[in-house]
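The values are calculated or read from the model by the stated rules, or taken from the named source; none is laboratory data. Fair warning: this is a prediction, and the values are worked out from it, not measured in the lab. Ideal geometry is used to build each Cβ from the backbone, glycine not excepted, and the neighbour counts take in all protein chains shown.
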Amino acid sequence: MSRLVSAQPEGKDYTPKVGAVVVAAGQGLRAGQPLPKQFAPWRGKPVVRHSVEALANAGVSPIVVVIPQGAGAIARDALRDIPGVEFTGGGKSRQESVRLGLEVLAGTGPDLVLIHDAARPILPRAVMDRLVDALTDYKAAIPVLSVVDSLAHAEKGQSLEVMGAPARREDLRRVQTPQAFRFPEILAAHQAWTGETNAGDDAQVARVQGMDIAMVEGDEALHKLTYASDFNVSMPAVRVGTGYDVHRLSKGEELWLCGVRVEHTHGLAGHSDADVAIHALVDALLGAIGAGDIGQHFPPSDPQWKGAASHQFLSHAGTLVREAGYTLGNADVTIICEAPKLGPHREAMRAKLAEILDVDISAMSVKATTTEKLGFTGRREGIAAQAAVSLTRI
C-alpha cells in the first residue's frame, strides 16, 4: 500500500498496517443464483475471491471475511490458498456484520482498515492507494463517482412521471466501497452505533460520530453485482494485442532482456531497467484488454520507477488480464538486434516470462532477428522488440 507520512514524530515516515473487512454475509437473492451471489462463479472464480485476491496482492493483511452463518465450508473453498484470510459469522444487519468483523480484526492491531462489499469484485489498486493516502489528513475516506444521469423522485407504483428532482445532480455522488478508516475510530463508531435503522454504509456510521470524510475518485470498475443480468455479461472468447518498444544502447548500463541479464559491452538506457522485450509484452497485454499502455501505468516521470525491474510491470499487466476475466493463450516476442547473440539465452528467457506470468512455458515464444545491418539496430545504436499475445476467456 501507499506510504503515509505521520504527524508523530514530526518529520518521520512510517508504513501503516492496513487490514480489511470484506462483507460477504448477505443472501444475494436478487442475483438469481443457486447460492449467495458472493460465492457464485463470475469470470472463472467465486465473486468474493476477486476482491480478496486484490487486497492480498496489495499487501493488506489480515483480511476478515464476514460470511453467512453455516457458510464456512463454501467460504473456505472459495478463498483457499489466499494468505492472511480469517472468517467470522455475520449479524442481522450489514452494520452488525461490519462491527463483528472489526472486532475480530482488533486482535491484530491494524492502523487502518478498508471495509469492502464482496459484491464489488473488481478492486483497482489505484483506488486503494487513493483511499489510504487520504487518511493522512482524514479519519475516513470514501470513493465516489459523479452522477451524470437526470434524477427524479417517484413513489413506488407510480407511472414514469417526474415527481420532482431531489437535488441538483452536480451536488450528488455515487458512493462505492472499499471505504477507508483509521481503525480505532471506526471500531469505536460501530460499537457506539444505536441507529434504529440499518446504516447504509460505514461512512454513515462514521458521520454520526462527527468524523470528517474525504472523498476520492472511485472507478466504474467497482460496479456492484446485483441482478441476474450482471452474471450474464457477454465477453469475447478471444482477444489479441500487440506491443512495440525501442531503447538506446549505452556503455555502463546492464542489459536486461525478458527478465534475464545478458552479458554485453553495452546495456539499454531507460528510466527503469529498460527491458525492451518485457515492455513490448506489457503493451501487448494491456492492449488486448483495452487498458492503455505501459506509460499510463508506470509513467517515466514518476521517480519511484527509476531503475525499477521490469518484471514488476509484467506482473501488474498479468494481474489486470486476470481481473478482466482472461488468461494468456500464448505470447510471441521478437527481439531485434545485431548483438549480442541471443540464441543461448532463449530458453531462459521463455522460462522467466512464464514464471512472471504464472503460465506454462509452452505459452511463451521468444525469437531474435537482425535487420541485416540496416537502420538503428543494424548500426548497434539500440534494440527493438515487438510482441503479440492472445488471451482466452476464463
Within segment 62-94, tally of residues that are among the small types (Gly, Ala, Ser), on the phi < 0 side of the Ramachandran plot and touching a residue at least 24 places away in the same chain (Cβ under 8 Å): 7
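Table: residues versus (1) loosely packed, with under 14 Cβ neighbours inside 10 Å; (2) farther than 30 Å from VAL147 by Cα; (3) of a type in the set (Lys, Arg).
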residue	(1), (2), (3)
LEU222	no, no, no
THR226	yes, no, no
ARG239	no, yes, yes
GLY243	no, yes, no
ARG248	no, yes, yes
LEU268	no, yes, no
GLY290	yes, no, no
TRP305	no, yes, no
Residue in segment 314-323 that is buried (at least 17 other Cβ atoms within 10 Å of the Cβ) and more than 24 Å from MET235 (Cα to Cα) present: no
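This table checks each residue for (1) assigned to a helix (DSSP H, G or I); (2) over 23 Å from LEU123 (Cβ atoms); (3) not assigned by TED's automatic domain parsing to the domain that holds HIS345.
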residue: ASP245; (1), (2), (3): no, yes, no
residue: LEU281; (1), (2), (3): yes, yes, no
residue: LEU285; (1), (2), (3): yes, no, no
residue: GLY295; (1), (2), (3): yes, yes, no
residue: ALA308; (1), (2), (3): no, yes, no
residue: GLY318; (1), (2), (3): yes, no, no
residue: VAL321; (1), (2), (3): yes, no, no
residue: LEU328; (1), (2), (3): no, no, no
Residue in segment 330-347 that is nearest to the chain's Cα centre (by Cα), counting only those that are over 23 Å from LYS251 (Cα atoms) and crowded, with 16+ Cβ neighbours inside 10 Å: ALA331
Within segment 68-148, helices (runs of 4 or more DSSP H) holding 3 or more residues that are farther than 19 Å from ALA180 by Cα and under 24 Å from the mean Cα position of the chain (by Cα): 72-78
Selected residue (criterion: modelled with the highest pLDDT) from residues of segment 175-220 that are assigned to a strand (DSSP E or B) and of a type in the set (D, E, K, R): ARG182
Which listed residue, of ALA71, ALA24, is at pLDDT 75 or above, surrounded by fewer than 22 Cβ atoms within 10 Å (Cβ to Cβ) and among the aliphatic types (A, V, I, L, M): ALA71
Check on LEU286, farther than 18 Å from LEU342 by Cβ and in contact with a helix residue (DSSP H, G or I) (Cβ under 7 Å, 6 or more places away or on another chain): yes
Test: residue in segment 357-376 that is more than 21 Å from VAL246 (Cβ to Cβ) and part of a strand (DSSP E or B): yes
